[in-house]
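J.: One structure coming up, written as structure tokens, with questions to follow.
A short reminder: the numbers here are calculations on the coordinates, not readings from a lab. Owing to the predicted nature of the structure, the values given are computational and were not obtained by experimental measurement. Reconstructed Cβ throughout: ideal geometry from the backbone, glycine too, with neighbour counts over all protein chains shown.
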Amino acid sequence: MNVADIINPANLVYKKNTVMNEVPMHYCPGCSHGVVHKIIGEIIEEMGVQEKTIAIAPVGCAVFAYKYLDVDWQQAAHGRAPALATAIKRLLPDRLVFTYQGDGDLAAIGTAETIHACNRGENIAIIFINNGIYGMTGGQMAPTTLAGMKTSTTPNGRDVPLAGNPLNITDLLAKLDGVCYVTRQAVHTVAGVKKAKRAIQHAFENSMQNKGTSIVEVVSTCNAGWKMTPADANDWMVENMFPVFPMGDLKNE
Amino acid sequence: MAKFKGAIVVDTEKCKGCDLCVVACPTTVLALSTEANSKGYNFSHMANSEDCVGCSACANVCPDACITVYRVKL
């Protein structure tokens, strides 16, 4: 049997979900954002909630997420996505409301909004992409940058006495009573992608059932900012990021 | 054991040649092409199509959702 015989709609096993637009994504080759966008699209398609979804775009590389996923979007000021999501979910409580934020957005400038939205137990889902760097602005040190990690503003590695320790904000948020689900995932392998998909689906279901705030941290790569090939960046993430940001559920109520 | 044979179609204009599908392929079917698309990226293609089992690993890890997978049971 040759390839032309196999390529037939009857034999289709995987195709791009219909929630994603045809626009080519602006992300660097191999960026984890694309995989996370894709699984969010798949979940929204499978749950059949495309017409009921309102997402909040952050400031950062993912600011253009509204061009790639065909759902309703709002663009928040830097770090203020959970505050905007609070307003939307309170006004339209039957909608699926989620924010999509990076570590510069959620763990730096938006720390106050994030902590207070989680503490109030707003019925939203937060997708937190943690790549340990400010990707869009040129690879500067972020709060989540690892000790000793080289960035454009820490060329000799993050010096802990000078620049402080890496902030594990997901651990902090898991301690708040308003939060119902906290998990940490990665999308570097097929198994990782499938687990992350289940985690994000659970977070979306919690938002629809108004159970409280759900946080899904996706430990990601920024191969352009880390100055590695995409495959090397995945290996580096497993070796260096996973010991500091271990995979698994932190809270599931 | 049931045997499967698969094939993929790559949207070559969207592929950015990141190599992640090549690394993820369990049967080393994929490779980056020596040809480039209009953006200058060496897109992914089936270099060894005989061994494809249609497992969808490449499509799952593709950040640009540019792989479609087909599979038949032999």
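J.: So which helices (runs of 4 or more DSSP H) stay within region A:114-222 end to end and still have 1 or more residues that are in contact (Cβ under 8 Å) with a residue 40 or more places away in the chain and within 19 Å of the chain's Cα centre (by Cα)?
T.: A:169-174, A:190-208
J.: Within region A:235-249, which residues are within 15 Å of residue A:196 (Cβ to Cβ) and surrounded by 13 or more Cβ atoms within 10 Å (Cβ to Cβ)?
T.: A:237, A:238, A:241, A:242, A:245, A:247, A:249
J.: Let me ask something else. Every residue in region A:166-225 that is in contact with a Pro (Cβ under 6 Å, 6 or more places away or on another chain) and over 17 Å from residue B:24 (Cβ atoms), please.
T.: Within region A:166-225, A:167 is the sole residue that qualifies.
J.: For residue A:188, only one of the following conditions fails: (1) within 14 Å of chain B (Cβ to nearest Cβ); (2) more than 25 Å from residue A:35 (Cα to Cα). What is its number?
T.: Result: residue A:188 fails condition (2) only.
J.: Filter region B:1-58 for residues that are among the small types (Gly, Ala, Ser) and closer than 20 Å to residue A:5 by Cα and give the result.
T.: B:2, B:6, B:7, B:47, B:49, B:54, B:56
J.: Run down B:44, B:33 and say which single residue is touching a residue at least 12 places away in the same chain (Cβ under 8 Å), within 21 Å of residue A:22 (Cβ to Cβ) and surrounded by 14 or more Cβ atoms within 10 Å (Cβ to Cβ).
T.: B:44
Residue-by-condition table, conditions (1) among the polar types (S, T, N, Q); (2) more than 9 Å from the chain's Cα centre (by Cα); (3) over 23 Å from residue A:228 (Cβ atoms):
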{"position": "B:33", "(1), (2), (3)": "yes, yes, no"}
{"position": "B:38", "(1), (2), (3)": "yes, yes, yes"}
{"position": "B:51", "(1), (2), (3)": "no, yes, yes"}
{"position": "B:54", "(1), (2), (3)": "no, yes, yes"}
{"position": "B:61", "(1), (2), (3)": "no, yes, no"}
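J.: Here's a follow-up. So residue A:247 fits all but one of (1) closer than 28 Å to residue A:90 by Cβ; (2) in contact (Cβ under 8 Å) with a residue 60 or more places away in the chain; what number is the exception?
T.: Status for residue A:247: all satisfied but (1).
J.: State which residue pairs qualify: first residue more than 7 Å from chain A (Cβ to nearest Cβ) and under 14 Å from residue B:5 (Cα atoms) and inside region B:55-74, second residue outside any helix (DSSP H, G or I) and basic (Lys, Arg) in any location, beta carbons under 9 Å apart, and separation of 6 or more residues or different chains.
T.: From residues that are more than 7 Å from chain A (Cβ to nearest Cβ) and under 14 Å from residue B:5 (Cα atoms), the pairs are B:55/B:71; B:73/B:3; B:73/B:5; B:74/B:3; B:74/B:5.
J.: Do you know which residues across region A:168-195 are within 15 Å of residue A:114 (Cβ to Cβ), surrounded by fewer than 17 Cβ atoms within 10 Å (Cβ to Cβ) and aliphatic (A, V, I, L, M)?
T.: Within region A:168-195, just A:172 meets the criteria.
For (1) of a type outside the set (Val, Ile, Thr); (2) within 11 Å of chain B (Cβ to nearest Cβ), each residue gets a yes or a no:
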site	(1), (2)
A:14	yes, yes
A:31	yes, yes
A:56	no, no
A:75	yes, no
A:82	yes, no
A:93	yes, no
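J.: Would you mind stating whether residue A:1 is exposed (fewer than 13 other Cβ atoms within 10 Å of the Cβ) and at the interface with chain B (Cβ under 8 Å from one of its Cβ atoms)?
T.: Yes.
J.: Name every residue in region B:47-64 that is aliphatic (A, V, I, L, M) and surrounded by fewer than 22 Cβ atoms within 10 Å (Cβ to Cβ), in order of residue number.
T.: Answer for region B:47-64, where residues must be aliphatic (A, V, I, L, M) and surrounded by fewer than 22 Cβ atoms within 10 Å (Cβ to Cβ): B:47, B:53.
Here's the yes/no breakdown for (1) part of a helix (DSSP H, G or I); (2) polar (S, T, N, Q); (3) closer than 30 Å to residue A:235 by Cα:
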site	(1), (2), (3)
A:27	no, no, yes
A:30	no, no, yes
A:33	yes, no, yes
A:36	yes, no, yes
A:46	yes, no, no
A:55	no, no, no
A:63	yes, no, yes
A:73	no, no, no
